[in-house]
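Worksheet: one structure, shown below.
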Amino acid sequence: MTSHKLLALPLALAVVLGGCGAQAPDAEVTETEAAEAGSTELEEQGEDQEATVTPFSLTREDLTINETITDDASESHAITADGTSDSYSNVEVVKTGNSDGDESDFYGTNAAVFATNGGTLDLSDVIVTTSGKHANAVFSYGEGSTINIKHSLIETSDNCSGGIMVTGGGTLNATDLYVHTTGNSSAAIRSDRGGGTQNVNGGTYITDGTGSPVIYSTADVHVSKATLESTASQGVVVEGKNSVELNDVNLTASNTTKNSDKSDWYQAVMIYQSMSGDAAEGEASFTMNGGSLTNENGDIFFVNNTVASINLSGATITNDDASGNFMRLAAAGGGSEGSTGGHVTLNASDQDIDGDILVDSVSELNMYLKNGSTLTGAVNPANEGAVYVEIESGSKWVLTGDSYVTSLTCDADAIDLNGHTLYVDGAAYTAGTASTGTAITFTLPTGSGMGGPGGEPPAAPPDGGHGPGNGGEPPAKPGE
């Protein structure tokens, strides 16, 4: 079986990601240090959230290599820290040899560089290249296992081969890496069943393959001051009860290639639950502080089959597709009875939002505009889903089309109808009046209600996929 969730989505997902199973972490910095550093940087910026990110480049010519370590076998590694603490610098790692099945993506059995059983690897000024299938480059597996890698070049060229990756609760800290993947289902920053923690500081991460977002998260992923670019897939995907936080990151997504005829929409950021067992059920989270997000095709955000919070603060968000929406909350496959769409809390602070927000009949939205935020667009123009909007004093909503909300809280001067009609619980809103409303409480069925059409788990991708699992925990290794 292959191990990638995106392909196992219900009917409606545009270009679903890297199809084999897992994605990745970060560099030579502890999680706490990375979080503190990011927080301090944001405080120092104050209101100037749009800090520029200097593009990072690293080539072979920039690194001094004193040793080459090769491995051409299947299900083996070039470098391993199995319960040990080891360090490598100025080495090149070349990994060939193919692998099949979930073992490589759940447990890293064919990874070039591998830490497990509480092992620690410190890497600097290294080159890691893989050319086999299911040959992830740098992989941390299991609680207590940690990889710290800095100022290094990583390239993978075959399918199901991520750049940096964690599963089973591993940790990976990355600083100033240049990562480029060209195969399908090969996220640059990748995680899979059991997740873990990934802290990325600086660097450039690029993906070219179908189903290969820059970040595929079944983990807690924190990225600061980096450049992220996808040329065929989503920029970021979050599955299940997991998170992605971007601080002063420049993200460009060009989702142009669909994985199957069951993909209806393109998007830059997708948040969903596949019910494959790779990610625990619960609230997903996407946070963006400062930086920029440029979407070249389709919608910016798409949320399906899960509860999610989307937190935006001072980011420059641009949709180069004039026909695309800012956000789409929908049940994949059209929302047949028993299926679940997106249930989203959108928090915008000092944030400009430009574009429509679509909410289908099995989806819900609570939206909060705070600290001088502005929304220019229509919300729920088809009058299908449930929507609560709260506009803090000093923030504003400028309508670009008729909109329908279930409940509204705002001051008298918070809404510019701009020649359109806003309906609140079925009644036309009168310009220049204050309103007090109540947010929606999200309630979702457990298990089958979070699956695909009819409440069943999504169909497997064309090349196979994960079956229903155990809530995101890694199963026992084969033979144990």
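Table for the structure above
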{"quantity": "Rg/Rg_globular for the range 278-378, with Rg_globular taken as 2.2 N^0.38 Å and Rg from C-alpha atoms", "calculated": "1.07"}
{"quantity": "Protection-proxy order for peptides 364-371, 294-301, 248-255, each taking the mean of Cβ atoms within 10 Å per residue, highest first", "calculated": "248-255, 294-301, 364-371"}
{"quantity": "Inter-label distance for residue 143 and residue 382, nm, one decimal - labels placed 7 Å from Cα along Cα-to-Cβ", "calculated": "4.4 nm"}
{"quantity": "Sequence ranges 401-413, 379-391, ranked by mean other-Cβ count within 10 angstrom, highest first", "calculated": "379-391, 401-413"}
{"quantity": "Whole-Å distance, taken between Cα centres, linking the range 154-202 and the range 220-258", "calculated": "12 Å"}
{"quantity": "Contour minus Cα-Cα distance for residue 420 and residue 371 (0.36 nm per residue)", "calculated": "15.1 nm"}
{"quantity": "Euclidean distance between Cα centres, the range 59-89 to the range 314-388, Å", "calculated": "45 Å"}
{"quantity": "Cα→Cβ-extended label distance, 7 Å offset, between residue 90 and residue 413, nm", "calculated": "6.6 nm"}
{"quantity": "Residue 75/residue 431 FRET efficiency (R0 56 Å; Cβ-Cβ; nearest 0.05)", "calculated": "0.25"}
{"quantity": "Mean Cβ count within 10 Å, highest first, over the residues of peptides 307-319, 148-160, 223-235, 60-72", "calculated": "223-235, 148-160, 307-319, 60-72"}
{"quantity": "Sequence of 320, 416 once ranked by neighbouring C-beta atoms within 10 Å, starting from the fewest", "calculated": "320, 416"}
{"quantity": "Table column - 3J(HN,Hα) (Hz), the range 66-80, Karplus curve with 6.51, -1.76, 1.60, x for Gly and Pro", "calculated": "9, 8, 10, 10, 10, 8, 10, 8, 7, 6, 8, 10, 7, 10, 9"}
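Taken together, the values in this text are just the output of simple stated rules run on the coordinates, not laboratory data. Not measured: the values here are computed from a predicted model. Neighbour counts are summed over all protein chains in view; Cβ atoms, including those assigned to glycine, are modelled from backbone coordinates with ideal geometry.
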